[in-house]
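The structure under discussion appears below in the form of C-alpha cells.
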Amino acid sequence: MRDHMRVVVQGGGRGAHRAGLAGLLWAAAELAVTVGVVVLLLVVHQVWWTNRQALASAHRQVAALEEEWQAGSHSRSDSRSESPAESPVASGSSVSPSPSASPGPSGSAAVPGAGSSSSGSLPAASAPGGSGAYGVLRIPRLGVVVPIAQGVDKRAVLDKGYAGHYPGTAQPGAAGNFALAGHRNTHGEPFRYINRLRAGDELIVDVRGRRFTYVVGRTLAETSERDTGVLAPVPRSTVRPEYGYSEPGAYITLTTCTPEYTSKYRLVVWGTLRRPDSVVSAVG
C-alpha cells in the first residue's frame, strides 16, 4: 500500500530555472531602458539645453555691450561740447604668443609667431582688458550675432556661446590676422553653419561703437587641428599650402571643428578688411 501512496513530481527544478532566467532577462531589460533614458537625457542636455543657456547668455551679453557703448557715445558727445576731441585709438594685440597652439575650439590656445600687429595706416580697436566680452561679431548671411571675448578657453569663453579671440593675433581693424574660434555644435554653436559662407559675404565686428567690416574671400573645408599657419599674420595653411594668402593685409579668420559633432579636423573661413572702421550711433 505504501508504494501506491507515493506522489512523484517531475520538472520542478527546470521550471524554477526558467523562472530565474526570465527574471534576469527582465532585470537586464529594465537596466537597458534606464541606461537608455539617462543617455538620452544627457544628449538632450548637451545638445539642446546647453544651446538654450549659451544663446540666452550670449544675447544678454550683446545687449549689455550695446547699452554700454550707447551710453558711452552719449557721454563722449557731452564731453566734446566742453573739451577738445579725443585722439583716436590705434593699436594691435599686446598679448605675447605662447610656443604651442591648436587652431580650433578645443581648450586654450595661442599662436606661435603671431605677435603684436599694430599699424599707423589702419585704424584698430584697442586691446581689451580682462577676459570678458569686448566686441560683437555679426554674420548677416547666417543671422549670427555673437559676443567676442579674449582667449579660446572652453569653459571661460567658448562654452558661454562666445567667439574667442586667439591670443597673439591682431585686434579688429589692425594689420595682421584677427582670428576667432567658436563652437560648431552645442553651447550656442555660433559657427555651426560657417561652411555656408561664400566669397563676398560680410563679417562685421563691432567694438565700443566702432565697426570693422570684413569680406569673406577664401575657405578651407578641412585641415589639421595643428595647422597654425591659418592663424599667422598672413594666413596660409601649412598642411595645404595652396590655401591662404601671400601678401600682408588686414585679415579675419574664423575656425571651428569639423565634421559636425567631432573635433578631429578644423574648418577655416578667411576674410579681408573692406574699409576703415566707422562709428555707429546705434549698434545693431
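A few comments on the model shown:
- Filtering the stretch 230-242 to residues that are over 20 Å from Gly182 (Cα atoms) and touching a Pro at 6+ places or on another chain (Cβ under 9 Å) leaves only Val234.
- Residue match in the stretch 186-202 (condition: outside any strand (DSSP E or B), in contact (Cβ under 8 Å) with a residue 40 or more places away in the chain and among the aromatic types (Phe, Trp, Tyr)): yes
- Filter result for Arg266 (buried (at least 19 other Cβ atoms within 10 Å of the Cβ), in contact with a Pro (Cβ under 6 Å, 6 or more places away or on another chain) and not hydrophobic (A, V, I, L, M, F, W, C)): yes
- Answer residue from the stretch 210-245, given it is in contact (Cβ under 8 Å) with a residue 60 or more places away in the chain, surrounded by fewer than 20 Cβ atoms within 10 Å (Cβ to Cβ) and under 19 Å from the mean Cα position of the chain (by Cα) and is farthest from Arg198 (Cα to Cα) among those: Arg226
- Test for Val234: is it farther than 17 Å from Arg141 by Cα, at pLDDT 95 or above, in contact with a strand residue (DSSP E or B) (Cβ under 8 Å, 6 or more places away or on another chain) and not in a strand (DSSP E or B): yes
- Residues being at pLDDT 95 or above and out of contact with any strand residue (DSSP E or B) (no Cβ under 9 Å at 6 or more places or on another chain) are represented in the stretch 130-143 by at least one member.
- Check on Asp201, more than 17 Å from the chain's Cα centre (by Cα) and either within 27 Å of Ala58 (Cβ to Cβ) or among the hydroxyl-bearing types (Ser, Thr, Tyr) (or both): yes
- Checking the stated criteria, Tyr162 turns out to be modelled with pLDDT of 95 or more, farther than 16 Å from Glu225 by Cα and buried (at least 22 other Cβ atoms within 10 Å of the Cβ).
- From the list Tyr193, Tyr166, the one residue that fits, being closer than 27 Å to Glu68 by Cβ and among the aromatic types (Phe, Trp, Tyr), is Tyr166.
- Filter pass, Val152 being in contact with a helix residue (DSSP H, G or I) (Cβ under 8 Å, 6 or more places away or on another chain), surrounded by fewer than 24 Cβ atoms within 10 Å (Cβ to Cβ) and either of a type in the set (A, V, I, L, M) or in a strand (DSSP E or B) (or both): no
The values are calculated or read from the model by the stated rules, or taken from the named source; none is laboratory data. Not measured: the values here are computed from a predicted model. All Cβ positions, glycine included, derive from the backbone under ideal geometry; neighbour counts span all protein chains shown.
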